[in-house]
1. Could you sort B:127, C:117 by accessible area so the largest value comes first, with the probe set to 1.4 Å?
2. Taking the 0 to 90 degree range and rounding to the nearest ten, how far is the long axis of helix B:3-14 tilted relative to the main principal axis of chain B, both from C-alpha atoms?
3. For segment A:297-314, what does the Karplus curve 6.51 cos²θ - 1.76 cosθ + 1.60, with θ = phi - 60°, yield as ³J(HN,Hα) per residue in whole Hz, taken in order and with x for Gly and Pro?
4. If you only keep lysine pairs separated by 8 or more in sequence, or across chains, how many in chain C come under 16 Å at the Cα atoms?
5. Loop sites only, by DSSP: take the GluC sites (Glu not before Pro) in chain A that have at most 13 other C-beta atoms within 10 Å and name the longest stretch containing none of them.
6. What is the sum of charges around residue C:85, taking Lys and Arg as +1, Asp and Glu as -1, for the other residues whose C-beta is under 10 Å from the C-beta of residue C:85?
7. If you restrict to DSSP beta bridges whose two residues both lie in the protein assembly as shown, what percentage is antiparallel, to the nearest 5?
8. With respect to the cross-link table entries A:95/A:158; A:95/A:345; A:109/A:366; A:95/A:240; A:55/A:276, which display a Cα-Cα separation exceeding 28 Å?
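The values are calculated or read from the model by the stated rules, or taken from the named source; none is laboratory data. Note that the coordinates shown come from a computational prediction; the quantities given were computed from them, not determined experimentally. Every residue, glycine as well, gets a Cβ built from its backbone with ideal geometry; the counts of neighbours run over all protein chains shown. In case anyone asks, the SASA skips ligands and DNA or RNA and just uses the protein heavy atoms, side chains included. Shrake-Rupley method; radii C 1.70, N 1.55, O 1.52, S 1.80 Å.
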Amino acid sequence: MKVADHAQRAKEFNKDEKRVDWHDETLWFIRQKRDRASHNIPQWEELRNTASQIKNHTLSNLHHYLQEFERNAQANGVTIHWAANAEEHNNIILKLLQERNISQMVKSKSMLTEECHLNDFLGDHGIEVIDSDLGERIVQLAKEPPSHIVLPCIHKKKEEIGELFHEHLGTPKGSADPQLLTEAARQSLRNVFLTRKAALTGVNFAIAETGEFVVCTNEGNADMGVHLADIHIASMGIEKLIPQRRHLGLFLRLLTRSATGQPITTYSSHFAKPAKGKAMHIILVDNGRSRQLGRPDFRASLKCIRCSACFNTCPVYRRSGGHSYNAVIAGPIGSILSPNFDMKKHADLPFASTLCGSCSNVCPVKIDIHDQLYKWRQVIVQEGYADPKKTVAMQVMAKTLASPTMYRIAGKAARTTLKYAPFVVNNKLNAWYLHRDMPEVPKSSFGEWYSKNRKNND
Amino acid sequence: MTSKEQILAAVKASQPDLKELPSLDFFYQDNLNQDEDLAQFIETVEFIGAKTYRVNSYEEIIAQLQQDFDLKGKRVISPLNEFSTIAEKYTGADNHTLADAELIILPTHFAVAENGACWIDDHLFDERLMLFIPQHLAFVLKKEEVVPTMHRAYERIAGKSYGYGAFVAGPSKTADIEQSLVLGAHGPRSLRVFII
Amino acid sequence: MKVALFIPCYVDQFFPNAAIATLQLLEKYGCDVTYPKNQTCCGQPMANSGYAHLTGGCDRNFVDNFKGFDYIVAPSGSCVLHVKDHLHDERFPEEAAKIRATTYELVTFLTDVLKVESFDASFPHKVGIHQSCHGLRGLKLAQMSELTAAPFSKPVHLLNMVSGIELIDLGRVDECCGFGGTFCVAEEAVSVKMGKDRVADHTLHGAEYITGVDMSCLMHMEGLLHRDNSAVKVIHIAEILNGGVR
């Protein structure tokens with residue numbers, strides 16, 4: 001029965017239609033900003049093509065680039081760790097903190113640490129983590145996961161955030177002014193930045209040639225945390241590598257225009273060496289990525305640069321909300337990444353799409369997202385994660401449609417039923433009929449009409 | 001088997017046959033025009049929330065800053081000697097002492113017309129936090145130091161050795177609350193770019 | 001030119017007028033049209049649901065019916081895309097490959113093969129075009145709004161030759177209607193909401209008719225319009241191009 005899960009949560013979300021409209025329009029507005037920004041760059045499609053090829057090349061030579069990156073980063077004075085899975089990743093971080101008697105850490109946005117459930121893990125070991133990106137801080141205070149990878153609290157209205165800040169940061173009750181709420185977060189988090197000895201960041205791009213990595217933010221929160229701390233820990237999936245520094249020219253042109261329609265994030269920080277007297281550690285994490293790399297149909301999903309353009313354009317995401325996916329990464333890209341982690345849990349996600357294909361068109365690295373959704377559907381059925389009732393129905397349908405005789409009988413029966421016994425179909429057991437009328441029944445099928453009217457071909 | 005060996009072995013077994021690295025030549029077929037690039041830079045950086053000023057001297061910059069800010073009793077910091085009349089130099093060992101910086105003035109290497117970003121790396125300043133901690137930030141940019149695109153930008157720094165460098169485009173900002181743009185998220189509330 | 005008419009199963013059963021209009025159009029422009037009478041379904045409903053392995057019977061039946069023609073034409077983008085992408089037959093691999101290459105959606109056939117330059121058709125109404133996703137992004141019937149590329153539209157090119165027609169602008173030119181095959185029942189809530197929003201875009205911009213190349217999308221929107229007692233109607237593009245006065 002897994003296939004119904006996204007549908008059930010989406011149905012919940014759709015109970016408040018005004019909110020669905022608001023969510024849809026907010027995200028559509030971002031899609032429009034993305035369109036304006038990309039349409040302004042005449043070489044946009046060339047950028048996508050070339051970036052896609054660079055990523056294809058990198059994945060085909062990842063074994064080499066990982067080692068080149070490690071060598072160059074170590075020469076820069078950076079410590080490299082390798083983590084095969086989430087547990088190892090979390091333990092490396094715990095050890096680094098415990099060795100330094102650190103019990104509080106500030107963290108900027110990192111979907112990888114969400115994937116590894118780092119905050120909960122460290123919390124269980126007595127270490128407090130504060131998320132410093134405003135949106136992430138908001139969902140952290142609300143004890144919710146992010147619903148979007150770039151706009152973590154896009155599902156929340158400002159009044160709800162005002163309520164949350166009133167409770168946690170002491171802002172005046174009933175105040176929902178974004179300016180005022182942001183200022184309150186600024187004051188509160190500034191104090192956090194100034195008192196934390198450890199800072200964790202994600203990694204947007206890592207450069208094999210130089211051993212450096214790039215972190216992109218608009219708020220400056222990653223840098224505020226890092227530069228004030230004694231130790232900077234950067235968590236990165238092994239797929240974040242690109243070969244050369246000059247390749248950043250393409251990726252930084254694509255990333256933010258695709259994400260929010262900005263020409264570039266406010267800060268694109270290039271970390272090559274630790275600052276004097278400070279430590280820099282990079283954790284290279286596999287956690288299923290090498291397995292995905294070994295699936296020819298799905299390896300291109302590893303090209304993702306986490307821009308979220310596919311979220312914003314997806315008509316299903318916009319009308320079902322990020323939490324309906326019940327996955328670390330929601331949206332179309334999440335629906336092709338998540339089954340690799342846990343096929344049973346996420347068997348519903350490749351079906352949460354009409355295969356409209358808009359996701360693949362906005363993808364800055366040209367991942368064939370909607371084709372992969374189609375392919376995951378096949379895999380999920382083959383692996384036995386589909387609803388058995390659906391399987392039986394499909395077998396009957398396939399048999400009927402393969403036989404012209406059975407097809408004619410079934411077609412006639414369907415039309416007869418609709419005409420003479422509509423109550424069999426027009427009831428609330430039929431999901432079509434809940435909000436949609438059935439088509440009117442024609443006098444005859446086209447096949448029947450043709451037999452009467454085009455005798456020569458009979 | 002260490003995790004490193006394990007990961008590398010898995011990657012090697014999984015990666016497809018080598019695919020070619022594409023050429024980037026296409027992106028260098030641009031016409032360089034200093035005046036146009038500068039004009040585009042100004043338009044773009046103002047659009048993303050910065051202020052720009054065309055100036056002929058550092059005195060003009062100082063006068064403008066004094067006009068824009070009430071700097072009395074406020075901490076102003078710059079590594080540039082030209083600002084010694086209004087700014088101190090930061091030479092400390094503990095950057096937490098920068099928490100009360102009101103205004104920091106920094107030089108930049110060059111700017112990018114297409115996105116309004118300025119590149120600065122630690123050849124020009126030695127405390128990374130200075131880009132982020134002040135309430136207000138000002139950059140000095142030489143007017144001939146504007147490149148049209150990010151491709152040209154990386155051409156400038158392709159072989160450069162630095163410990164840290166950043167493209168900075170406008171003031172710190174967020175739109176996390178209902179997509180309402182707010183300047184001054186965690187970093188500087190404003191950015192001025194003085195084009196000299 | 002020998003053309004086989006491929007009428008998708010649901011069009012055959014519920015929308016014979018769209019099929020008749022397609023047949024008459026092709027005949028008008030000189031095609032020698034045959035309707036292979038044992039055709040059923042392309043197999044897409046199973047394949048898109050994850051049961052591509054059950055489509056062998058449909059594929060073989062399709063090849064048996066459609067081999068040996070110059071072209072195969074259907075009034076549907078979605079089914080044509082499925083045939084072009086997924087039709088296989090281990091008995092006749094070459095025939096299957098030829099079918100994949102020569103199967104056309106009606107509008108593309110009219111613009112690219114027959115190169116039709118005029119229609120004897122009048123449709124004095126305000127009409128909104130629904131760009132079906134498979135027609136648009138699969139068969140490239142028009143430029144896709146996501147791309148940085150020159151605009152074009154084959155349906156608009158043809159409809160502009162119909163006298164009296166007024167094509168309306170939409171807020172979102174190519175958003176999905178939410179039909180999506182089994183998606184329309186499996187994800188009922190989102191499907192309906194997508195459909196309502198798409199219909200509202202047309203009605204707010206004054207459409208009297210919504211047209212398109214895919215009857216499945218139109219059936220979905222028609223279901224919503226009927227339930228809402230709306231005066232707005234759906235009509236397959238073949239019916240407009242085939243004379244169209246209602």
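1. Working: B:127 30, C:117 135 Å².
Largest accessible area first, the residues go C:117, B:127.
2. Computed tilt is about 60 degrees.
3. Those phi angles translate into 6, 10, 5, 4, 4, 6, 6, 3, 9, 6, 7, 6, 4, 5, 5, 5, 8, 6 Hz.
4. The result is 14.
5. Values: sites that count: A:383, A:440.
So the longest stretch without any such site is A:1-382.
6. Working: positive: C:84, C:100; negative: A:371.
In short, +1.
7. Working: 22 of 87 bridges.
If we restrict to bridges inside the protein assembly as shown, about 25 percent are antiparallel.
8. Numbers: A:95/A:158 39 Å; A:95/A:345 31 Å; A:109/A:366 24 Å; A:95/A:240 24 Å; A:55/A:276 34 Å.
In this structure, A:95/A:158; A:95/A:345; A:55/A:276 exceed 28 Å between Cα atoms.
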